[in-house]
1. Report for the chain the percent antiparallel among DSSP-assigned beta bridges with both residues inside it, nearest 5.
2. Check cross-link reach from Lys266 to the aspartates and glutamates: straight Cα distance under 15 Å, and skip same-chain residues fewer than eight apart.
3. Of the listed peptides 110-120, 28-38, 169-179, 207-217, what is their order by residue-averaged count of other C-beta atoms within 10 Å, with the highest listed first?
4. If you restrict to DSSP beta bridges whose two residues both lie in the stretch 138-302, what percentage is antiparallel, to the nearest 5?
5. Determine, from the Cβ-Cβ distance of Asn234 and Tyr42 and an R0 of 35 Å, the FRET efficiency 1/(1 + (r/R0)^6), rounded to the nearest 0.05.
6. Go through 316-326, 79-89 and give me the packing order, highest mean Cβ count within 10 Å leading.
7. What percentage of the solvent-accessible surface of the stretch 138-302, computed with a 1.4 Å probe over protein heavy atoms, is contributed by carbon and sulfur atoms?
8. Between Leu290 and Lys263, 0.36 nm times their residue separation minus their Cα-Cα distance comes to what?
Amino acid sequence: MQQTSVIILGIESSCDDTAAAVIKNGKILANVIANQAVHEQYGGVVPELASRAHQQHIVPVVEAALKKAGVAKEELSAVAFTNGPGLLGSLLVGSSFSKAFAMGLNIPIIEVNHMQGHVLAHFIEEADGTSNRPSFPFLCLTVSGGHTQIVRINDYFDFEIIGETIDDAAGEAFDKVSKMLELPYPGGPVLDRNAQQGKPVFEFPHPKVDGLNFSFSGLKTSVLYFLKRELENNPNFREENLNDICASVQKTIVDILLINLKKAIKQTGIKEVAIAGGVSANSELRKQILSLEKTGCTTYIPKFEYCTDNAAMIAITGYYKYLNQDFARPDLVPNARLKF
Ligand code: KG4
Ligand code: ZN
């Protein structure tokens, strides 16, 4: 029988979000996420607890996604899941579930690189039929808790990293500075909210790195010494200046990102420019990316639900892999350090 529709179930479990999504012929039908509050009290993700929470959430999350999509499991064409990079124990839950589920239905499995998923989220068609797809080749600034890269995307599965961080990721810089400022976890979005009430009046040095690469570990150290110095003069310095400190750090991180992105645009001559990953939810980054339009670029900024971890990005990547009949073997093992 000729299959007329391609319906992909996407599973994401690389860190602390358990997510399932259903995509039919490239169009989103459901995108469900269960966050894990258990980590808040520890100020960061505890890998062992993340794996256990994934085990608890995965079945209800998949059931909810299929129900919302109005799709019976027998209608699925394949199951796509994140195979890395990420926390190994977390990845094992998603991959084991996906293999068992697909085996029970006698359908193929598709492995997805999490970072590739973040980029290909730009190709999701909305339920109302709208989409805002970049054309190839385009540049994508992928900025998350573990990665900071400038990627040249020549085609769906032809990615070339032309710049990346040599130490901390941008999201990590946001989270570590938030911790120094005693902001609650997860730090990035909280720092962003405070920054929107402040002014970038404090200056922090930019790193000296070759080419299109980034470095954020120096910023962390300079914020640490800056706070130490100011607190010696005024013990209430942090509380009295919190919003301005947040605005200053945020602007520094985004300026560092934009300087290299502009260099990449100049070097490659590519004017299709996208952002992806958790930090693409940042208000200052979204503002500065949009301003590239004045220089003749066309910019692509994901909807908030596709910035941070989600399974819609895994399902859309799975959809394009399905079209290539690019299936995984059942003995595939997740890879915590998977590269493009
Ligand atoms: O993509 P993501 O959800 O997970 C990874 O693949 O790492 O990214 C999470 C990162 C965290 O570091 C988080 O603090 C950061 O994205 N983040 C933000 C914002 N929202 C999430 N950073 C700055 N501003 C935000 N609004
Ligand atoms: Zn991510």
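1. About 60 percent, rounded to the nearest 5.
2. Hits, sequence-local ones excluded: Glu293.
3. Listed from highest to lowest mean packing, they are 110-120, 169-179, 28-38, 207-217.
4. Here the share of antiparallel DSSP bridges comes out near 60 percent.
5. After rounding, the FRET efficiency stands at 0.70.
6. Ranked by mean Cβ neighbours within 10 Å, highest first: 79-89, 316-326.
7. Carbon and sulfur: 49 percent of the exposed surface of the stretch 138-302.
8. Separation in residues times 0.36 nm, less the Cα-Cα distance, equals 8.1 nm.
The values are calculated or read from the model by the stated rules, or taken from the named source; none is laboratory data. Because the structure is predicted, anything quoted here is derived from the model rather than measured. Here Cβ is always computed from backbone atoms with ideal geometry, including for glycine, and neighbour counts include all displayed protein chains. The area values use the complete protein model at the heavy-atom level, side chains included, leaving out ligands, DNA and RNA. Shrake-Rupley method; radii C 1.70, N 1.55, O 1.52, S 1.80 Å.
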